[in-house]
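All remarks here apply to the structure that follows.
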Amino acid sequence: MHLVIDFHKSLKKIILLLCMNFLKSQNIPTDITDERLLQEYKQTADLAVLAKLYERYMHLVYGVCLKYLHDEELSKDAVMQIFEELIVKATRHDIKQFKPWLYVLSRNYCLMQLRSGKKMQTESLPDFMEFVDDAHLTDEREENIKALERCKEKLPSVQKVSIQLFYMDEKCYKEIVDETGYSINEVKSYIQNGKRNLKICLEKNRER
């Protein structure tokens, strides 16, 4: 029992230090890849290694949480809770690319909080609309964003409006119904068809 309590105390301390940006692991090279850090954590279960990896994307995780939860304190708590989930899930999953996988983990955590707490209607973002580190946009990412905008403009107006309101403006079904006059079934249909058409359009762009 004491070992369990001590473990949780140590875990909370590590998470707190991480979130306060005081965790400085001098024994871990800063240029080591995500894949190497992840593999080392799986082999050693060293929380400092996992914390070093998480530290790289913690500001992005916080951004995702703030986007969904709309509360700074809840988002800070979520960053810590997601790290706790990561301790177990990082060893159980075959993770090919850590950053997009962490995004999905963060998004799903927030969606679960919304569903269980506020009972809000929401829907997962399409896979092709992953989070972007705005401070470090790559040329490829910029082109992907431009392609998404071009494809969105090609959608039928009802789909374009519904996609814009639901994903970009983060409005729920009821708000879209009130704003557009569409029925709730129409809104759901326009969003689903719009997602499908966007995906098809983006895939065609990649093939060129």
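The values are calculated or read from the model by the stated rules, or taken from the named source; none is laboratory data. Nothing here was measured: the structure is a model prediction, and the numbers come from that model. Cβ atoms come from the backbone with ideal geometry, glycine included; neighbour counts cover every protein chain shown.
A residue that is in contact with a helix residue (DSSP H, G or I) (Cβ under 8 Å, 6 or more places away or on another chain) and surrounded by fewer than 17 Cβ atoms within 10 Å (Cβ to Cβ) occurs somewhere in region 56-65. Report, by residue number, each residue of region 39-82 that is touching a Phe, Trp or Tyr at 6+ places or on another chain (Cβ under 6 Å) and either more than 21 Å from Cys110 (Cβ to Cβ) or assigned by TED's automatic domain parsing to the domain that holds Cys172 (or both). Scanning region 39-82 gives a single hit, Val49. Entry remark, region 179-197: residues being among the hydroxyl-bearing types (Ser, Thr, Tyr), in a helix (DSSP H, G or I) and crowded, with 18+ Cβ neighbours inside 10 Å number 1 in total.
A quick yes/no check of all residues on (1) among the hydrophobic types (A, V, I, L, M, F, W, C); (2) under 21 Å from Asn205 (Cα atoms); (3) assigned by TED's automatic domain parsing to the domain that holds Leu69; (4) touching a residue at least 24 places away in the same chain (Cβ under 8 Å):
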residue	(1), (2), (3), (4)
Ser162	no, no, no, yes
Lys174	no, no, no, yes
Gly181	no, no, no, no
Gln192	no, yes, no, no
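Applying the criterion of being among the aliphatic types (A, V, I, L, M) and not in a helix (DSSP H, G or I) to the residues of region 29-69, the residue that is farthest from Phe98 (Cα to Cα) is Ala45.
Of Ile176, Ile145, all but one fail to be assigned to a helix (DSSP H, G or I), at pLDDT 85 or above and of a type in the set (A, V, I, L, M, F, W, C); the exception is Ile176.
Rundown of residues vs (1) in contact with a strand residue (DSSP E or B) (Cβ under 9 Å, 6 or more places away or on another chain); (2) modelled with pLDDT of 70 or more; (3) closer than 30 Å to Tyr190 by Cα, yes/no style:
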{"residue": "Asp34", "(1), (2), (3)": "no, yes, no"}
{"residue": "Leu53", "(1), (2), (3)": "no, yes, no"}
{"residue": "Cys65", "(1), (2), (3)": "no, yes, yes"}
{"residue": "Leu69", "(1), (2), (3)": "no, yes, yes"}
{"residue": "Glu72", "(1), (2), (3)": "no, yes, no"}
{"residue": "Glu85", "(1), (2), (3)": "no, yes, no"}
{"residue": "Lys89", "(1), (2), (3)": "no, yes, no"}
{"residue": "His93", "(1), (2), (3)": "no, yes, no"}
{"residue": "Asp133", "(1), (2), (3)": "no, no, yes"}
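Cβ separations smaller than 8 Å between residues 6+ apart or across chains give the following pairs from region 83-102 residues that are closer than 20 Å to Thr33 by Cβ and in the same structural domain as Asp46 (by TED's automatic domain parsing) to residues that are not β-branched (Val, Ile, Thr) and not in a helix (DSSP H, G or I): Thr91/Ala45; Pro100/Glu130; Trp101/His93.
In the set Ser106, Ser157, Ser162, only one residue is over 30 Å from Thr44 (Cβ atoms), surrounded by 13 or more Cβ atoms within 10 Å (Cβ to Cβ) and modelled with pLDDT of 85 or more; that residue is Ser162. Across region 198-208, the qualifying residues are those that are assigned to a helix (DSSP H, G or I) and among the basic types (Lys, Arg), and the one among them that is surrounded by the most Cβ atoms within 10 Å (Cβ to Cβ) is Lys199.
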